[in-house]
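A.B. asks: Please find one structure pasted underneath; my questions will follow.
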Amino acid sequence: MKNRLIQFVLLAAVSAGSASCLGDMDIIQKSKITTSNMWLDEGDATGALYGMYHQFRATFQTAMIYWGDYRAGTFTNGAGGSGSADKMFNNALDSSETKGTNWGSSYTTINNANLILRHVPDIAFSDENQKNLILANAHFVRAYTYYNIVRVWGDAPLLLEGFESSDNDLQPSRSDAALIYEQVARDIDDALRLMPASAADCTIATRSAVQMLKADYNLWLYQTREGGDDALTAADEALAEVFKDSRLDLIGSYADIFDITKKNNAEIILTLHFGQGEYEGGYAETYLIPQTRFHSASEHIETHVKLMTANDQRFIFSPSLVELLYKDERDTRTPVSYGDWTDEEEGYRYTWVNKFAGKWADNKRYFISDLPLYRYAEALLFKAEIENERGNVPTALTYLNRVAKRAYGIDNYYTASDYHSFKESLMTEYLKEFAGEGKSWWNYIRLGYAFTKIESLRGRQNETNILLWPITTACMNENPNIRQTVGYN
């Protein structure tokens, strides 16, 4: 089994190297990993499942923060400079930007899912539930990845057949965004049709994870694509299923959600898992204080300051987000999300993003914090958003205040009495509850605040596709059928 998993991870790596921009791909399997020896039995299928999630994790460990936060005004340059992220921070993107503009890794993830959907139906299983679990997860991964692609780029290639050699037509053009949205819906339905009720591992998709994607997707349709009451109803029905899941709940301590000794707690619906010595990464390594900038006594490491042993601090929360986090001193989320300590004796002040710091051991930082994609608090806030859209502000407040009570320790923290004031309160909670989790950009757009609350976008609502992303020049050079996102150069 271990050897099979290594083969599938290796195939993902080979595909990623040669399929970076959907250009003219020349895939030479020197390791002799071929269709004839990869898809023989259910062990191979299980290996393919975890190989797919290996690639899925590699894609979203940085993409989720690039696409979900860095254009939202919630981050700025750290002590070591931005690492060339200024174009994202300032919404001044063009085709020369390399961060977040290359969809190659996303399509490698999709290809992994496509291959599972192509080959696994023909494999005999001793347990049909295991087969359905694998197929359901492939549909989920494809849906989640295309959902992000279409929100980031709009029109994009729509590939549903897995490729294993350079014989395939691998220079596709961009398909209409509407077709991609339709495919996301089909994959969500197929994932729910196949997913066993017994699935309970939050490091891969379960029924509740698929329902969260369904709620997310339909809320997006309702708010940004004129999805109407049908989309709002579909989102609400999906959340109702999540709330029935007895394994899930809003846990009592915000800090415990991210505690590396309490992983897979009841708050977590789906997460990107990172284990020591297995696969460390994510974006947190760019947030902390590097040893080269630490000038205080060693006893302050971890007790007061979070250090990292490599790189430099390139990103930090923006002043506006820091101000919001500190707006109410009762908010227990602030020290979990943000670190700020001054060494009075030496006269140095240190600030850093505190989430996902992993652990410090043997004079080294291990980035082993999991990165949640969906958690229970988001289900509650989605439900609050739905009730507000239906004009049920008192009901919406009950869901919003469940999240707020954990943060502030008091009942009925929010008292909004009308649609607009409630939406302001909801946006505030989205920003504070999910600080640094790759959610703020999507929430600003969905709630209609992108051009009023993001400083670098004010007054720019008439610019063509300004909320979409350009494609890096390298991708267009490799595939002449790909055209730049309209509105960019």
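A.B. asks: Among the numbered criteria (1) surrounded by fewer than 13 Cβ atoms within 10 Å (Cβ to Cβ); (2) within 19 Å of E387 (Cβ to Cβ); (3) not hydrophobic (A, V, I, L, M, F, W, C), which one does R483 miss?
C.D. replies: In the conditions (1) surrounded by fewer than 13 Cβ atoms within 10 Å (Cβ to Cβ); (2) within 19 Å of E387 (Cβ to Cβ); (3) not hydrophobic (A, V, I, L, M, F, W, C), R483 misses (2) alone.
A.B. asks: If I filter segment 427-439 for residues that are open to solvent by 60 Å² or more (accessible area, probe 1.4 Å) and among the basic types (K, R), do I get at least one hit? Even if it seems obvious, please write down each step before you answer.
C.D. replies: Going through segment 427-439, the residues open to solvent by 60 Å² or more (accessible area, probe 1.4 Å) turn out to be none.
There is no residue in segment 427-439 that is open to solvent by 60 Å² or more (accessible area, probe 1.4 Å) and among the basic types (K, R).
A.B. asks: Hey, could you check segment 281-303 for residues that are farther than 17 Å from E437 by Cα and acidic (D, E) and say which is most open to solvent (accessible area, probe 1.4 Å)?
C.D. replies: For segment 281-303, the residue satisfying everything is E299.
A.B. asks: Same structure, new question: Can you confirm whether Y366 is of a type in the set (F, W, Y) and crowded, with 21+ Cβ neighbours inside 10 Å?
C.D. replies: So Y366 fails the test.
A.B. asks: Out of all the residues in segment 72-79, is one or more closer than 17 Å to S456 by Cα, β-branched (V, I, T) and touching a residue at least 40 places away in the same chain (Cβ under 8 Å)?
C.D. replies: Among the residues of segment 72-79, at least one is closer than 17 Å to S456 by Cα, β-branched (V, I, T) and touching a residue at least 40 places away in the same chain (Cβ under 8 Å), which makes the answer yes.
A.B. asks: I need every pair where a residue in segment 40-59 that is of a type in the set (V, I, T) has its Cβ under 8 Å from the Cβ of a residue that is open to solvent by 10 Å² or more (accessible area, probe 1.4 Å) and not in a helix (DSSP H, G or I), sequence separation at least 6 or different chains.
C.D. replies: Close Cβ pairs (under 8 Å, with a partner that is open to solvent by 10 Å² or more (accessible area, probe 1.4 Å) and not in a helix (DSSP H, G or I)) amount to T46/M1.
A.B. asks: Could you tell me which numbered condition S96 fails, if it satisfies all but one of (1) open to solvent by 10 Å² or more (accessible area, probe 1.4 Å); (2) of a type outside the set (D, E, K, R); (3) touching a helix residue (DSSP H, G or I) at 6+ places or on another chain (Cβ under 6 Å)?
C.D. replies: Exception for S96: condition (3).
A.B. asks: Go through segment 1-112 and tell me which helices (runs of 4 or more DSSP H), entirely inside it, have 1 or more residues that are modelled with pLDDT of 80 or more.
C.D. replies: Qualifying helices (runs of 4 or more DSSP H): 35-38, 42-68, 86-89.
A.B. asks: Tell me whether segment 459-469 contains one or more residues that are open to solvent by less than 20 Å² (accessible area, probe 1.4 Å), in a helix (DSSP H, G or I) and at pLDDT 95 or above.
C.D. replies: Looking through segment 459-469, none of the residues is open to solvent by less than 20 Å² (accessible area, probe 1.4 Å), in a helix (DSSP H, G or I) and at pLDDT 95 or above.
A.B. asks: In addition: Only one of these conditions is not met by T303: (1) more than 24 Å from A138 (Cα to Cα); (2) in a loop (DSSP other than H, G, I, E, B); (3) in contact (Cβ under 8 Å) with a residue 40 or more places away in the chain; (4) not small (G, A, S). Which number is it?
C.D. replies: T303 satisfies every listed condition except (3).
A.B. asks: For segment 340-359, which residues satisfy the criterion of being open to solvent by 50 Å² or more (accessible area, probe 1.4 Å) and either aromatic (F, W, Y) or closer than 17 Å to T74 by Cα (or both)?
C.D. replies: Once the filter is applied, which keeps residues that are open to solvent by 50 Å² or more (accessible area, probe 1.4 Å) and either aromatic (F, W, Y) or closer than 17 Å to T74 by Cα (or both), segment 340-359 yields D340, Y348.
A.B. asks: D256 passes all but one of (1) buried (at least 20 other Cβ atoms within 10 Å of the Cβ); (2) in a helix (DSSP H, G or I); which number fails?
C.D. replies: Single failed check for D256: (1).
A.B. asks: Working only within segment 123-181, note down all residues that are touching a Lys or Arg at 6+ places or on another chain (Cβ under 9 Å) and either crowded, with 22+ Cβ neighbours inside 10 Å or of a type in the set (F, W, Y) (or both).
C.D. replies: The answer is F125, A136, H139, A143, W153, A156, Y181.
A.B. asks: Among the residues in segment 266-274, are any under 17 Å from D370 (Cα atoms), out of contact with any Gly (no Cβ under 9 Å at 6 or more places or on another chain) and either of a type in the set (K, R) or part of a helix (DSSP H, G or I) (or both)?
C.D. replies: Going residue by residue through segment 266-274, those that are under 17 Å from D370 (Cα atoms) are 266-274.
Cutting the leftovers down to out of contact with any Gly (no Cβ under 9 Å at 6 or more places or on another chain) gives us 266-271, 273.
Imposing the further condition that a residue be either of a type in the set (K, R) or part of a helix (DSSP H, G or I) (or both) reduces the set to none.
There is no residue in segment 266-274 that is under 17 Å from D370 (Cα atoms), out of contact with any Gly (no Cβ under 9 Å at 6 or more places or on another chain) and either of a type in the set (K, R) or part of a helix (DSSP H, G or I) (or both).
A.B. asks: I've got another one for you. For segment 216-229, state whether one or more residues are part of a helix (DSSP H, G or I), surrounded by fewer than 18 Cβ atoms within 10 Å (Cβ to Cβ) and among the hydroxyl-bearing types (S, T, Y).
C.D. replies: Scanning segment 216-229, I find at least one residue that is part of a helix (DSSP H, G or I), surrounded by fewer than 18 Cβ atoms within 10 Å (Cβ to Cβ) and among the hydroxyl-bearing types (S, T, Y), so the answer is yes.
A.B. asks: Would you mind telling me which numbered condition in (1) at pLDDT 95 or above; (2) touching a helix residue (DSSP H, G or I) at 6+ places or on another chain (Cβ under 9 Å); (3) crowded, with 17+ Cβ neighbours inside 10 Å F274 fails?
C.D. replies: (1)
A.B. asks: Let me ask you something else. Can you pull out every residue in segment 182-203 that is in contact with a Ser or Thr (Cβ under 7 Å, 6 or more places away or on another chain) and either surrounded by fewer than 16 Cβ atoms within 10 Å (Cβ to Cβ) or of a type in the set (S, T, N, Q) (or both)?
C.D. replies: Scanning segment 182-203 gives A200, T203.
A.B. asks: On to the next question. Checking S96 against (1) closer than 20 Å to I454 by Cα; (2) out of contact with any Lys or Arg (no Cβ under 6 Å at 6 or more places or on another chain), which single condition isn't satisfied?
C.D. replies: Result: S96 fails condition (1) only.
The values are calculated or read from the model by the stated rules, or taken from the named source; none is laboratory data. Note that the coordinates shown come from a computational prediction; the quantities given were computed from them, not determined experimentally. Backbone-built Cβ (ideal geometry, glycine too); neighbour counts: all protein chains shown. The protein model used for the area step is the full one, side chains on, heavy atoms only, and it has no ligands, DNA or RNA in it. Shrake-Rupley method; radii C 1.70, N 1.55, O 1.52, S 1.80 Å.
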